[in-house]
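*Asks:* First the structure, then my questions, so here it is.
The values are calculated or read from the model by the stated rules, or taken from the named source; none is laboratory data. What you see is a predicted model, and the numbers here were worked out from it, not measured in a lab. Cβ atoms come from the backbone with ideal geometry, glycine included; neighbour counts cover every protein chain shown. These area figures cover heavy atoms from the full protein model, side chains too; ligands, DNA and RNA do not enter into them. Shrake-Rupley method; radii C 1.70, N 1.55, O 1.52, S 1.80 Å.
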Amino acid sequence: MLVRQRMTPEPVVISADAPLSEARQKMQAGGFRRLPVLSDGKLVGIVTDSDLRAHGDAPEGAKVGSVMRAPVLTIRSSATVEEAAQLLIRHKIGGLPVVDDGKVVGILTAVDILKAFVDVMGASQPASARIDFVLEGEEHGLTEASRIVSGEGGEILGVGTYREKLGENPVCYLRVVGGDPEKIAQALRAGGFDVLGVHALAD
């Protein structure tokens with residue numbers, strides 16, 4: 001999944017010469033927490049709501065450029081969401097301006113990345129459930145698990161494995177919708193699968 005698929009395009013920006021009061025107004029009006037700061041059309045920094053709070057006693061007429069954070073970390077729209085997530089974690093920040101060819105084309109926040117993660121996991125689908133089980137050879141692999149889920153009236157929305165293993169075997173999850181998750185789990189157990197848990201989402 002690429003950054004361009006998850007970013008907010010054409011974000012609200014502010015000039016480095018704008019007063020802090022304008023930055024506050026823009027954040028309050030838009031309901032967001034950060035603004036890319038431009039000077040002569042080029043990105044020169046970023047200002048966040050925490051920056052504004054930290055300079056609440058700034059003199060009347062104080063400019064955004066005096067409190068913005070610079071230089072600012074950016075990412076390309078063609079980068080992966082995983083790359084963006086690693087940058088946010090490594091630098092302990094909440095968002096990244098997206099810059100292509102020197103132009104701000106979007107902004108990507110931690111919330112955007114969390115939403116992408118939820119979608120990939122299939123957890124954005126209401127009334128879905130995650131079933132965790134152990135993969136143990138062909139007889140107890142994904143093909144057979146899929147057949148059992150389908151036989152119980154379920155549909156698989158997502159599938160994956162965890163980094164942790166149970167002994168020598170990988171732990172897998174299926175995100176399913178339709179059917180009764182508990183009955184699906186029972187059918188998997190009857191088929192010889194080691195089911196570790198069922199985690200249902202409410203409607």
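*Asks:* Can you give me the number of residues within segment 9-32 that are in contact with a helix residue (DSSP H, G or I) (Cβ under 7 Å, 6 or more places away or on another chain) and within 13 Å of Pro97 (Cβ to Cβ)?
*Replies:* 2
*Asks:* Next question, about the same structure. Give the residues of segment 11-33 that are over 19 Å from the mean Cα position of the chain (by Cα) and either in contact (Cβ under 8 Å) with a residue 60 or more places away in the chain or under 17 Å from Ala70 (Cβ atoms) (or both), sorted by residue number. Explain how you work it out, then say what you get.
*Replies:* Here is the first cut: in segment 11-33, the ones over 19 Å from the mean Cα position of the chain (by Cα) are 12-30.
Passing the criteria: Val13, Ile14, Ser15, Ala16, Asp17, Ala18, Leu20, Ala23.
*Asks:* Go over the candidates Arg163, Arg189 one by one and state the one that is of a type outside the set (A, V, I, L, M), assigned to a strand (DSSP E or B) and open to solvent by 50 Å² or more (accessible area, probe 1.4 Å).
*Replies:* Numbers: Arg189 fails: assigned to a strand (DSSP E or B).
Selected residue: Arg163, the only one of Arg163, Arg189 that is of a type outside the set (A, V, I, L, M), assigned to a strand (DSSP E or B) and open to solvent by 50 Å² or more (accessible area, probe 1.4 Å).
*Asks:* Quick one: in segment 84-102, which of the residues that are of a type in the set (D, E, K, R) and more than 22 Å from Asp51 (Cα to Cα) is most open to solvent (accessible area, probe 1.4 Å)?
*Replies:* Going residue by residue through segment 84-102, those that are of a type in the set (D, E, K, R) are 90, 92, 100-101.
When the remaining residues are screened for being more than 22 Å from Asp51 (Cα to Cα), the result is 100-101.
Details: Asp100: 46, Asp101: 159 Å².
Taking the candidates together, the pick is Asp101.
*Asks:* Go through (1) surrounded by 19 or more Cβ atoms within 10 Å (Cβ to Cβ); (2) at pLDDT 90 or above for Arg147 and report which single condition fails.
*Replies:* Every condition holds for Arg147 apart from (1).
*Asks:* Only one of these is over 30 Å from Arg76 (Cβ atoms), in contact with a strand residue (DSSP E or B) (Cβ under 7 Å, 6 or more places away or on another chain), surrounded by fewer than 12 Cβ atoms within 10 Å (Cβ to Cβ) and not charged (D, E, K, R): Gly154, Gly197. Name it. Steps first, answer last, please.
*Replies:* On the way: Gly154 fails: surrounded by fewer than 12 Cβ atoms within 10 Å (Cβ to Cβ).
Result: Gly197 is the single residue among Gly154, Gly197 that is over 30 Å from Arg76 (Cβ atoms), in contact with a strand residue (DSSP E or B) (Cβ under 7 Å, 6 or more places away or on another chain), surrounded by fewer than 12 Cβ atoms within 10 Å (Cβ to Cβ) and not charged (D, E, K, R).
*Asks:* Take Val105 and decide whether it is within 23 Å of Pro19 (Cα to Cα) and either out of contact with any strand residue (DSSP E or B) (no Cβ under 6 Å at 6 or more places or on another chain) or open to solvent by 20 Å² or more (accessible area, probe 1.4 Å) (or both). Walk me through it before giving the result.
*Replies:* Details: within 23 Å of Pro19 (Cα to Cα): no; either out of contact with any strand residue (DSSP E or B) (no Cβ under 6 Å at 6 or more places or on another chain) or open to solvent by 20 Å² or more (accessible area, probe 1.4 Å) (or both): yes.
Answer is no for this residue.
*Asks:* Please determine, by comparing only the residues of segment 167-182 that are in a loop (DSSP other than H, G, I, E, B) and either more than 10 Å from Gly153 (Cβ to Cβ) or of a type in the set (A, V, I, L, M) (or both), which one is most open to solvent (accessible area, probe 1.4 Å). First the steps, then the outcome.
*Replies:* Start the filter on segment 167-182 by keeping residues that are in a loop (DSSP other than H, G, I, E, B), which leaves 167-168, 178-180.
Narrowing further to those that are either more than 10 Å from Gly153 (Cβ to Cβ) or of a type in the set (A, V, I, L, M) (or both): 167-168.
On the way: Gly167: 64, Glu168: 160 Å².
Out of the qualifying residues, it is Glu168.
*Asks:* Let me confirm something: among Val47, Val67, which residue is modelled with pLDDT under 95, crowded, with 18+ Cβ neighbours inside 10 Å and closer than 25 Å to Arg90 by Cβ? Before the answer, list the steps.
*Replies:* Details: Val47 fails: modelled with pLDDT under 95.
Matching residue, one of Val47, Val67: Val67.
*Asks:* Looking at (1) open to solvent by less than 80 Å² (accessible area, probe 1.4 Å); (2) under 30 Å from Ser39 (Cα atoms); (3) touching a residue at least 24 places away in the same chain (Cβ under 8 Å), which is the one condition that is false for Asp132?
*Replies:* Here Asp132 clears every test but (2).
*Asks:* Can you pull out every residue in segment 1-20 that is acidic (Asp, Glu) and either under 25 Å from Ala84 (Cα atoms) or open to solvent by less than 50 Å² (accessible area, probe 1.4 Å) (or both)? Break it down stepwise before answering.
*Replies:* Keep residues of segment 1-20 that are acidic (Asp, Glu), which gives 10, 17.
Selection gives Glu10 alone.
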